[in-house]
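The values are calculated or read from the model by the stated rules, or taken from the named source; none is laboratory data. Please read these numbers as outputs of a predicted model, since none were measured by experiment. FYI the Cβ positions are ideal-geometry reconstructions off the backbone, even for glycines, and counts take in every protein chain you see.
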Amino acid sequence: MPTNVDFWQWLLLLTFGGLFLGLAPRARSVSAFFEAQSTGGRRPSALVLTSSLVISWIFAKSITNAANLSLAFGVVGGVSYALYYGSFLIAGLVIYQLRTEGGFHSLHHFLDRRYGRAAVYLFSLLVGFRLFNEVWSNTIVIGSYFGEVGTQPYYIAIVVFTSLTLLYTLKGGMGSSILTDAIQMVFFGVLLFVILALVLPSGDYGLSEYLNSGEWTMATGLNFFFVALIQIFSYPFHDAVLTDRGFLSDPRTTLRSFIWASGIGFCCILLFSVVGVHARLLGLSGPAAVEVSKLLGLGAMLLMNFIMITSAASTLDSAFTSGAKLLAKDLGGVAVLSVAKGRWTMTIFALLGTLPVFLNPTVLSATTISGTMVLGLAPVFILWKRQAPPLAFHLAVGTGLLVGVTLALGYWPESLVFFEGKYGDLLSANVVGTVFSFGLFLIASNRRKND
C-alpha cells in the first residue's frame, strides 16, 4: 500500500493529465497543429502569447536551478539565474527586426537565405540538442518528487508524466501547448503566491536577512551572474520553444509579448528563489525546493509538486511541438505536411528525449553547457544586418561548439581560467568563446567586403 504522501502525489499527477487532456483542443489542420491558429484563422493574442512565453520558460528545471543556486549563494544566485530571462528582450528585438526589416518568416528561413543549407543543418542540430535536453532535464525533476534517483518510483513517475503530457500535446499540437500554457500560468501564479505565504512567515527571518543572504563577489555567485549576462545574447536563438513563438502573431504583438515576458519571468524566478534562500538560512542541504516542502507539511509538499508538474508540462509540451516542427517542417524532412506526420515525429522525439533519464544526468548542465556551445550564435543574429559569407557563420558557431565541448569533457585548460571560485572555469570559457566568435565573424565578413 502506498503512503499517504505517495497516494496524493499520484492522484495529483493523474488528475493533471486527465484535466489537460480534456481541455486541449483537437487540431484538424496543419496551421492549427504547427502554428496554433484557431478555426477562424485567429492568432494568439498578446496576453495568451505572453503567458505562453513565461510559463514555457519557468520550467521545473529553472525553478530547481534557481532554488539550488539561492541555497548555494543566497540572493545572488537567484538574481543570477533570473538574468537569463533577459533572453526574451534580446530575442524579441532581433526577431521583430528579422520580420519587419528582413521579411523572414523563421530563423531557418533567414539562415537559408543568408548562409545556405549547411548552416541550416548545423543550426538545426544545435536546436535539436537543446530540445532533446529539455525533455529529460524537466522530467527528472518530476521524478525526484516521487522517489530517489535510480529507484523504481522515480522512473515510473517520469514515464507516466511524460506519457500524459505527450497525450494532450498529440491532440492539439501547438494549439494545445498555447492554450494549456495560459491555464498553467494562472496555476503557477496562484501556487507561487501560496508557497511564498507559507515560507516567508515560517522562520525567524525578515526581509533584510533574505536580501543580505549572499556576498556579491566573483567566488560567491557573480561568476554565474556574468555567465548569464553573456549567454542571453546567444542562448535564446537555439531555443525553439522561445523562437517558434516569435512567429505566431503579428510582429508588434509579438514584440510586446516578449518584452512583458522578460520582466514577468525575471520577477517570478526571483520570487521563487526565496525558497532556496529560506533553505540556506535554515542550514538545509539537498534539493532546496524538495527539502523546504518537506518541512512545511503535506499540503505545502503537494503545492510544490503541482508547481513542478505544471511548469515542467508547459515546457515539455512546447518541446514536443517544437521538435515536431523542426523535424517535419523546418528541415523539410516531410514532403507533404500533415497533422498525422506531425504527431508521429512528436512521438519519436519524446521517446528519444526520455532515454538520457536512465543515465542519471545533472539538471544544471542542460543549461550551462548547451549555453556555452551556442555562443557563436550571438554574432550571427545580433549582427544579422551585416552581409557576411557562410564562412563567417561556420567560424563563429564552430568556435562556440569547440569551447562548449572542451568544457563539457573537462579539458578546459587551467591556464585559461581567469576567475576564482565555482563557475570560474565556465565564465572563463564563455568570455574566451564570445571574444573569438565575434572576432572571427567580423574578420570573415570584412574579408568579403574587401573582396
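For every residue, the table says whether it meets (1) modelled with pLDDT under 80; (2) farther than 19 Å from F188 by Cα; (3) in contact with a helix residue (DSSP H, G or I) (Cβ under 9 Å, 6 or more places away or on another chain).
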residue: L271; (1), (2), (3): no, no, yes
residue: V274; (1), (2), (3): no, no, yes
residue: G286; (1), (2), (3): yes, yes, yes
residue: S293; (1), (2), (3): yes, no, yes
residue: M301; (1), (2), (3): yes, no, yes
residue: M304; (1), (2), (3): yes, no, yes
residue: S311; (1), (2), (3): yes, no, yes
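If I filter segment 337-348 for residues that are hydrophobic (A, V, I, L, M, F, W, C) and more than 24 Å from R26 (Cα to Cα), do I get at least one hit? Don't jump to the end; show me each part of the working.
Taking segment 337-348 first, the residues hydrophobic (A, V, I, L, M, F, W, C) are 337, 339-340, 344, 346, 348.
Those left that are additionally more than 24 Å from R26 (Cα to Cα): none.
No; the residues of segment 337-348 include none that is hydrophobic (A, V, I, L, M, F, W, C) and more than 24 Å from R26 (Cα to Cα).
Identify the single condition in (1) small (G, A, S); (2) at pLDDT 85 or above; (3) closer than 28 Å to V149 by Cα that G371 does not satisfy, given that it satisfies every other one.
(2)
Answer yes or no: is there a residue in segment 82-89 that is crowded, with 20+ Cβ neighbours inside 10 Å, farther than 26 Å from L326 by Cα and either at pLDDT 90 or above or not acidic (D, E) (or both).
So far as segment 82-89 goes, yes, one or more of its residues are crowded, with 20+ Cβ neighbours inside 10 Å, farther than 26 Å from L326 by Cα and either at pLDDT 90 or above or not acidic (D, E) (or both).
Could you check S415 against (1) of a type in the set (G, A, S); (2) modelled with pLDDT of 90 or more; (3) within 29 Å of L89 (Cβ to Cβ) and say which number it fails?
Of everything listed in (1) of a type in the set (G, A, S); (2) modelled with pLDDT of 90 or more; (3) within 29 Å of L89 (Cβ to Cβ), S415 misses just condition (3).
For segment 40-48, does any single residue satisfy the condition of being in contact with a Phe, Trp or Tyr (Cβ under 6 Å, 6 or more places away or on another chain), under 30 Å from G342 (Cα atoms) and assigned by TED's automatic domain parsing to the domain that holds L196? Let's see the steps before the verdict.
We begin by selecting, within segment 40-48, every residue in contact with a Phe, Trp or Tyr (Cβ under 6 Å, 6 or more places away or on another chain); these are none.
No, segment 40-48 contains no residue that is in contact with a Phe, Trp or Tyr (Cβ under 6 Å, 6 or more places away or on another chain), under 30 Å from G342 (Cα atoms) and assigned by TED's automatic domain parsing to the domain that holds L196.
Taking segment 32-42, which residues are under 24 Å from the mean Cα position of the chain (by Cα) and either of a type in the set (A, V, I, L, M) or at pLDDT below 80 (or both)?
So the first thing to find is which residues in segment 32-42 are under 24 Å from the mean Cα position of the chain (by Cα), and the list is 32-37.
The answer is A32, E35, A36, Q37.
From the set of residues in segment 1-17 that are assigned to a helix (DSSP H, G or I) and in contact with a Phe, Trp or Tyr (Cβ under 9 Å, 6 or more places away or on another chain), which is modelled with the lowest pLDDT?
Looking at the filtered set, the residue picked out is D6.
Determine, yes or no, whether A340 is in contact with a Ser or Thr (Cβ under 6 Å, 6 or more places away or on another chain) and not acidic (D, E).
no
Checking I309 against (1) touching a residue at least 24 places away in the same chain (Cβ under 8 Å); (2) closer than 20 Å to L69 by Cα: exactly one of these is not met. Which one?
So I309 meets the others, but not (2).
For segment 225-256, how many residues meet the condition of being assigned to a helix (DSSP H, G or I), hydroxyl-bearing (S, T, Y) and under 17 Å from the mean Cα position of the chain (by Cα)?
Final tally of qualifying residues: 2.
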